[in-house]
Amino acid sequence: MVHVAVIGAGPSGVFGAAELLKRPDVFVDVFDRLPTPFGLVRYGVAPDHHKIKSVTRVLSKVLADPRVRFSGNIEYGRDVTAEDLRAAYDGVLVATGAPLARKLGVPGEELPGNYAAADLVSWYSGHPHARTAFDIPAEAVAVVGAGNVSLDVARVLLKGGAGLADTDVPEEILRTLDRNPLRDVHIVIRRGVADVKFSSAELLELEKLDGVDLLVDDQNLVLGRTGQQRYDCDRTVAQTVDIFRRWAARPARAAAKRLFFRFLRSPVEIFGAHRVEGLRLRHNAIDAAGARDSGSGYEDLAVQAVIQSIGYLGEPLPDVPFDDARGLVPNVGGRVAPGIYVTGWIKRGPSGIIGTNKACAIETVAHLLADLGQKTADNDERTAARAQLHEALRERGCRVVTWDGWTDIDAAEITLGRQQGRTRTKITDIGALVDIGTARAS
Ligand code: NAP
């Protein structure tokens, strides 16, 4: 028999557990620092992306398996140590994702009104540890970055509270969004239209936004020589470019809200006396590497908020090697050190869709199981050590939220939603989540 600990109950950790379960003698303990499972699916996937979020049904089946034990509200490094895990498990699979935000590093980042997209997404997703709220009145907002997270943030802000009523976003957050007088969102893109990372499905979704004009300056839709080559050879690039060309050719409809795509612009400074009043952009020109300073000057965008959406970074973990520059755990095919493995964004960086984590887990788990071989020795000892660890958690005063505890939180959120005429409303208060999730056990 083999005993494996998984750190992180997000999609990468749970896909890892699912892969481990394919071997019939494996037992898996999944730990998460939050009292709730599903990680990025619950707190990162946009609230209006119901179809993507429905993967929780698949993840739930894995976590409810009799050979899996979910322990929420348990943080690696705080409640359990590497030493604890070495004693109780044959292997540890780290799946902690990439929760931190990359920063532009330009002057003015300290001003109120400058946000990391990671923080804003946590806030509107009702994350119990959200560090910020979008409560500064802003008529115009700049979102920096040409990835799908920028599109999520722009879409959520433009929909506002009223447009998100059919989601699980907490009511007070919907109200805060509705109080904001937002009219314009500018997506700031440093390279050309052939180099964006938006996916075409996410772009086309913007066409369904009620009362929003999609505005593109056709003068900046240049491809350059390499861009043209990519347009000619890569269907995905051609699709994306054609969407923007179509939008640029449409007459504006004088809608109440506007979404601008500002290509070939690099943010160089956030400015304002006491809070954000604008974003200075350098004009770029296309070159072989993507873009360079065109030498043709700067422009100032009058915005009251800047949202930096330029990628995520992993967080270092005690007793696990870390590559600060890349923001991930260095590994070879998921192998980190004897007994320690990684999967998901902490393994390969913040890229891909939820399903990408399946293939990622398959690779890592194959290596983990190959390294363990047909381990059968010390089975009783390991089983006892696992039981001891869970006992020790209780002795240390940890309030473990079990899978049953999570189902109680789930039921409470559905009840709260029904009371508000909705399908579900997320509970954001960490104390309340833990109280509900541990009520049965106490
Ligand atoms: P991303 O796709 O890597 O995009 C990051 C963007 O930031 C890029 O356009 C990048 O430009 C830009 N950037 C980086 N440094 C910059 C700087 N200093 N100045 C200006 N721009 C800068 O990251 P993401 O949007 O955070 O998404 C993370 C992953 O989640 C992606 O794989 C994404 O597809 C996925 N995701 C998927 C969905 C969905 O499928 N519905 C939704 C959300 C996220 P360069 O290209 O020039 O470096």
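The alpha-carbon atoms of the stretch 331-442 define a convex hull whose volume equals 172 cubic angstrom per residue.
Cross-link check: pairs 347/426; 61/347; 53/358; 22/358; 103/159 evaluated at a Cα-Cα cut-off of 22 Å; pairs beyond the cut-off: 347/426; 61/347; 103/159.
Expressed as a whole percent, the proportion of Cα-Cα pairs in the stretch 181-307 lying more than 21 Å apart is 44%. For the stretch 154-243, trypsin sites (Lys or Arg not before Pro) are listed when DSSP marks them as loop and at most 12 other Cβ atoms sit within 10 Å of their Cβ; the list is 208.
In this Cβ point-charge picture (+1 for Lys and Arg, -1 for Asp and Glu), the chain has a dipole of about 980 debye about its Cα centre. Solvent exposure of the chain amounts to 44 Å² per residue of accessible area, where only protein heavy atoms count and the probe is 1.4 Å. To the nearest ten degrees, helix 224-233 and the longest principal axis of the Cα atoms of the chain are 60 degrees apart. Taking the simple approach of a point 7 Å from Cα along Cα-to-Cβ for both residue 254 and residue 356, what is their distance in nm? Taking the simple label geometry, residue 254 and residue 356 are separated by 4.3 nm. Spacing of the modelled spin labels on residue 404 and residue 430, each 7 Å from Cα toward Cβ, amounts to 2.6 nm. Between amide H atoms placed 1.01 Å from N, distances below 5 Å from residue 401 occur with 72, 73, all of them 5 or more places distant or on a separate chain. Return the tail of the calculated pair distribution for the chain, meaning the percent of Cα-Cα pairs more than 39 Å apart. Percentage above 39 Å: 26. Entry note, the chain: the mean residue ellipticity at 222 nm calculated from DSSP H runs of n ≥ 4, each adding -39500 (n - 2.57), is -11000 deg cm²/dmol after division by the residues and rounding to the nearest 500.
The convex hull of the Cα atoms of the stretch 111-235, projected and averaged over all directions, covers 8.9 nm². Dipole orientation for the stretch 329-378: of the candidates 338, 352, 362, 352 has the Cα lying most toward the positive pole (charges on Cβ; Lys, Arg +1; Asp, Glu -1).
Simple rule: put +1 on each Lys or Arg Cβ and -1 on each Asp or Glu Cβ in the chain, find the dipole, and look at 372, 405, 11; the Cα lying farthest toward the positive end is 11. Could you tell me how many degrees, from 0 to 90 and to the nearest 10, lie between the Cα long axis of helix 403-419 and the main elongation axis, the longest principal axis, of the Cα atoms of the chain? Long axis of 403-419 versus the principal axis of the chain: about 40 degrees.
An ellipsoid equivalent to the stretch 1-74, defined through the eigenvalues of its Cα gyration tensor, has semi-axes of 22, 13, 8 Å when rounded to whole angstrom and sorted largest first. Label zone of residue 217 (point 7 Å out along Cα→Cβ, amide N under 15 Å): in the stretch 242-269 this covers 248, 259-268.
The values are calculated or read from the model by the stated rules, or taken from the named source; none is laboratory data. Note that the structure is predicted; figures quoted are calculated from it, not measured. Positions of Cβ are generated from backbone atoms using ideal geometry, with glycine treated the same way; all protein chains shown enter the neighbour counts. Accessible surface areas use protein heavy atoms only, side chains included; no ligands, DNA or RNA. Shrake-Rupley method; radii C 1.70, N 1.55, O 1.52, S 1.80 Å.
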